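Here is the structure we will look at, set down as structure tokens.
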């Protein structure tokens with residue numbers, strides 16, 4: 001039986017936009033302030049953004065190889081379950097639900113809070129986490145009661161965010177001049193950025209801003225000519241976002257003295273103030289508040305779908321299935337996000353999410369080598385596999401090698417510099433290990449049957 005591809009599926013433009021909107025979240029508005037404090041140099045901060053972009057681009061090429069081999073929706077959960085072991089897929093699902101969605105929701109809400117302080121009067125008696133908590137509760141209520149409206153609103157805000165960034169880049173360069181015409185500003189802050197550990201820590205922060213380059217694989221089965229379109233969208237979207245990140249952060253760093261940016265979470269607002277005064281700062285803060293609110297809302301919606309999919313496979317409780325199950329999933333992940341808001345700081349959460357999500361992606365990319373070994377074994381045992389076009393190319397394997405090596409290298413150095421950042425990874429693995437015996441007894445066979453049927457269909 002041959003799998004048909006719908007002519008009205010997602011095209012290259014739609015999937016590229018999906019990748020870009022998945023990548024451009026809250027991290028780009030926060031990271032450079034912490035990076036300046038760590039590195040103390042415009043050149044080194046920009047180098048960290050460039051390295052992060054190149055690593056993400058290698059990851060996009062590698063994920064494109066995965067999409068060619070298995071053009072089905074599901075992301076890391078799908079690839080790890082089928083290539084390594086169902087537990088690995090289950091672990092990836094837990095990482096996605098906790099760090100990817102609840103952690104991302106908490107980060108977006110905390111970023112929203114930081115920028116809202118610039119446009120709202122903040123009573124001294126009010127706890128600092130109040131606004132972030134309110135954002136999460138609002139997103140929860142919206143998706144419990146009016147999910148479709150929230151999805152339409154999110155799309156509009158994402159477009160506004162990208163348009164604002166482009167306008168800021170054009171206006172910023174018209175004020176400060178092109179990079180070659182402007183000397184680097186000196187910095188008068190205490191910096192630890194001259195060490196390789198400081199640079200690695202910054203790259204991990206930056207890598208969090210690049211997460212989302214794999215967004216298109218979650219709808220791979222809905223793509224028009226998925227084996228070709230999805231890989232192209234992954235690479236094109238990542239490349240365009242990298243160029244956008246480099247330009248906007250160059251404007252941020254050149255607009256204001258580095259001493260004013262060091263350690264600050266409202267980098268965009270400070271830069272906008274230096275470029276256009278109070279009016280520009282107010283407008284930028286409003287856009288970022290709306291964009292981070294939409295990011296939190298989008299993750300609230302997506303996370304409930306992932307939980308529902310895992311429940312359908314028997315990997316999570318049955319009460320998370322269906323429309324009513326989505327409401328329970330939203331409530332659970334919102335509760336976890338609120339706990340993170342009160343339990344950690346914005347900078348620590350940035351590091352924890354960067355390490356956890358990057359390592360999960362690297363583990364997924366590493367399945368390419370396992371798939372290649374399997375493919376070679378099949379070719380030796382059967383001539384029928386000799387023409388397997390889904391086998392990863394040399395370029396894909398090279399990109400996968402670079403991505404995995406770079407991710408492990410920078411995450412390892414970060415862990416050596418700050419071992420507590422691996423606490424989140426350890427906690428997620430522990431939770432998954434504790435839940436797995438129950439999961440295996442209740443839903444393991446369901447997952448295996450579904451996988452077997454899909455694999456057989458693809459082979460046919």
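Quick one: residue 309 ticks every box in (1) at pLDDT 75 or above; (2) closer than 19 Å to residue 88 by Cα; (3) out of contact with any helix residue (DSSP H, G or I) (no Cβ under 6 Å at 6 or more places or on another chain) except a single one, so which number is it?
Condition not satisfied by residue 309: (1).
Does the stretch 199-209 contain at least one residue that is surrounded by 17 or more Cβ atoms within 10 Å (Cβ to Cβ) and either modelled with pLDDT under 80 or touching a strand residue (DSSP E or B) at 6+ places or on another chain (Cβ under 6 Å) (or both)?
no
Only one of 335, 325 is under 26 Å from residue 82 (Cα atoms) and surrounded by fewer than 20 Cβ atoms within 10 Å (Cβ to Cβ). Can you tell me which? Step through it out loud before you land on a result.
Working: 335 fails: under 26 Å from residue 82 (Cα atoms).
Matching residue, one of 335, 325: 325.
How many residues are without any contact (Cβ under 8 Å) to a residue 24 or more places away in the chain and in a loop (DSSP other than H, G, I, E, B) if we restrict to the stretch 235-278?
The total comes to 1.
Within the stretch 117-128, can one find any residue that is under 19 Å from residue 286 (Cα atoms) and at pLDDT 85 or above?
No, because not a single residue in the stretch 117-128 is under 19 Å from residue 286 (Cα atoms) and at pLDDT 85 or above.
Got a sec? Which of 411, 405, 386, 394 is exposed (fewer than 11 other Cβ atoms within 10 Å of the Cβ) and either modelled with pLDDT under 85 or within 22 Å of the chain's Cα centre (by Cα) (or both)?
None of the other options fit; the residue is 386.
Could you tell me whether the stretch 9-23 includes any residue that is touching a helix residue (DSSP H, G or I) at 6+ places or on another chain (Cβ under 6 Å), modelled with pLDDT of 85 or more, closer than 30 Å to residue 270 by Cβ and part of a helix (DSSP H, G or I)? Talk me through it step by step, then tell me what you get.
Filtering the stretch 9-23 down to residues touching a helix residue (DSSP H, G or I) at 6+ places or on another chain (Cβ under 6 Å) leaves 9-10, 12, 15-16, 18-23.
If we keep only those that are modelled with pLDDT of 85 or more as well, we get none.
There is no residue in the stretch 9-23 that is touching a helix residue (DSSP H, G or I) at 6+ places or on another chain (Cβ under 6 Å), modelled with pLDDT of 85 or more, closer than 30 Å to residue 270 by Cβ and part of a helix (DSSP H, G or I).
Only one of (1) at pLDDT 85 or above; (2) in contact with a strand residue (DSSP E or B) (Cβ under 7 Å, 6 or more places away or on another chain) is not met by residue 222, so which one is it?
(1)
Would the stretch 287-302 turn up any residue that is part of a helix (DSSP H, G or I), out of contact with any helix residue (DSSP H, G or I) (no Cβ under 7 Å at 6 or more places or on another chain) and at pLDDT 85 or above?
Checked against the condition, which is being part of a helix (DSSP H, G or I), out of contact with any helix residue (DSSP H, G or I) (no Cβ under 7 Å at 6 or more places or on another chain) and at pLDDT 85 or above, the stretch 287-302 yields no hits at all.
The values are calculated or read from the model by the stated rules, or taken from the named source; none is laboratory data. All values derive from a computational prediction rather than experimental measurement. Please note: Cβ atoms are built from the backbone with ideal geometry, for glycine as well, and neighbour counts cover all protein chains shown.
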